[in-house]
Amino acid sequence: MSPRRHSQRSHDDEPSGLDRLQKVLAAAGIGSRRECEDLITAGRVEVDGEFVTELGRKVDPTGQKIQVDGVTLTQPKRVYFVLNKPVGVVSTNSDPDGRPRVIDLIKSDERLYPVGRLDRSSEGLILVTNDGELANRLTHPRYGIEKVYRVRVAGNPTPQELGKLRKGVYLSDGMAHVSSIQTKRRFKQSTELEIVLREGRNREIRRILARIGHKVVQLKRVAIGPIRLGTMPVGAHRMLSRDEVQALRRATRGRKKSDADSKPVAKERRKRAPNQAALPTASGESKVAKPRRRKTGSSAMSGYTRPTKKGVKRKKSSADSQRGSQKSGSTSKSARSSQPDARPGKKTVKKSARPIKPGVTKKRASRPGKGTGKPSSAVGKKKTGRKRRR
């Protein structure tokens with residue numbers, strides 16, 4: 001029997017109209033991506049009369065019948081707007097304080113939401129759409145879409161201060177970097193800067209400029225990727241053309257990895273000094289210096305004595321006993337070297353303990369009691385000239 005072949009289908013062979021089911025549900029306004037995934041796993045979604053519980057299922061929203069809880073899904077028409085947001089308008093869909101919203105400035109029957117955020121005190125370009133997938137790609141730092149801002153700050157930042165922003169500054173939610181920062185115009189008490197970001201955090205520009213001691217006076221966004229604000233009046237909006245939408249989609253595909261990026265970068269090894277280096281001496285001659293070897297083990301600790309408390313004896317360790325044996329061995333060796341040589345045929349001279357007076361010869365003392373019949377107690381007594389009287 002021939003082995004069974006498994007058909008492997010690449011992404012390039014799939015029809016371009018297919019999309020993930022949870023993505024289609026989110027684009028239709030059913031809910032967020034996570035909520036749509038929960039609906040699928042709960043078995044509440046049907047595709048062509050068949051319940052689907054797997055998240056990787058791909059469907060064609062224009063050619064297949066999709067139902068949620070028995071209700072047929074109608075795919076809305078995707079719309080894209082660009083708006084010049086004025087100051088005082090919030091960029092959230094829900095505001096408990098009842099302040100004017102961005103979506104209130106655009107009259108449309110579709111469920112719209114802004115792409116990214118601009119705080120209430122900021123103005124400028126903001127995109128509004130019902131395409132959730134494109135909105136996610138435009139705001140996610142992974143795709144690196146550039147946002148250009150014109151910022152007017154109080155005071156005149158120095159090049160050193162702007163260099164700190166290029167290197168990155170720490171904020172409460174992590175390290176923040178700017179892609180580029182340039183000085184456009186200088187005034188007596190303020191400066192106009194152009195800042196490019198590839199990520200979007202809450203009030204990020206105001207926070208990083210506050211770290212170098214400059215308050216933001218005016219903040220205006222002038223570009224998102226290939227879309228420019230131009231001369232659009234404040235509060236006005238227009239629909240994006242088909243070419244502009246395609247340009248946004250191309251920008252969100254991300255750059256392809258080059259061959260240099262795909263290869264792992266080898267770590268640079270630290271260069272070691274040569275084994276022998278010629279060092280100049282005072283006379284001008286070069287002298288070869290031998291490299292020092294690093295001590296390891298017990299030899300590295302031979303000159304170290306551990307401090308102890310006063311009056312407390314420290315227990316001897318194995319290293320101490322080893323050093324003691326080495327010391328005793330060295331002393332015994334020195335003692336052996338100080339003894340006279342006892343080789344045969346060589347006379348040994350004993351040194352006397354007492355000094356001898358000049359001109360006096362010292363008699364050799366005989367052993368007591370040797371050669372005499374007298375006891376050893378009587379031998380060696382000095383006779384005096386006087387006799388003992390009876």
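The values are calculated or read from the model by the stated rules, or taken from the named source; none is laboratory data. Since the structure is predicted, the reported quantities are computational estimates derived from the model, not experimental observations. Every residue, glycine among them, receives a Cβ derived from its backbone with ideal geometry; neighbour counts consider all protein chains shown.
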Going residue by residue through the stretch 155-169, is there one that turns out to be within 29 Å of A26 (Cβ to Cβ), assigned by TED's automatic domain parsing to the domain that holds H237, not in a loop (DSSP other than H, G, I, E, B) and not basic (K, R)? no
If you scan the stretch 19-47, which residues turn out to be modelled with pLDDT under 90 and in a loop (DSSP other than H, G, I, E, B)? A28, G29, I30, G31, S32
In the set L134, L219, the lone residue that is at pLDDT 95 or above, of a type in the set (A, V, I, L, M) and within 30 Å of V79 (Cα to Cα) is L219
What about E268, is it in a loop (DSSP other than H, G, I, E, B), at pLDDT below 95 and surrounded by 10 or more Cβ atoms within 10 Å (Cβ to Cβ)? no
Where I181 falls short, out of the listed (1) touching a residue at least 40 places away in the same chain (Cβ under 8 Å); (2) touching a helix residue (DSSP H, G or I) at 6+ places or on another chain (Cβ under 7 Å); (3) over 22 Å from P86 (Cα atoms): (1)
Selection within the stretch 196-213 - farther than 25 Å from G235 by Cβ and either in contact with a Leu (Cβ under 9 Å, 6 or more places away or on another chain) or β-branched (V, I, T) (or both): V196, R201, R207, I208, L209, R211, I212
From L55, L118, L83, residue being under 44 Å from the mean Cα position of the chain (by Cα), within 22 Å of G230 (Cβ to Cβ) and outside any strand (DSSP E or B): L118
Looking for something among the polar types (S, T, N, Q) and surrounded by 15 or more Cβ atoms within 10 Å (Cβ to Cβ) - is there at least one such residue anywhere in the stretch 97-112? no
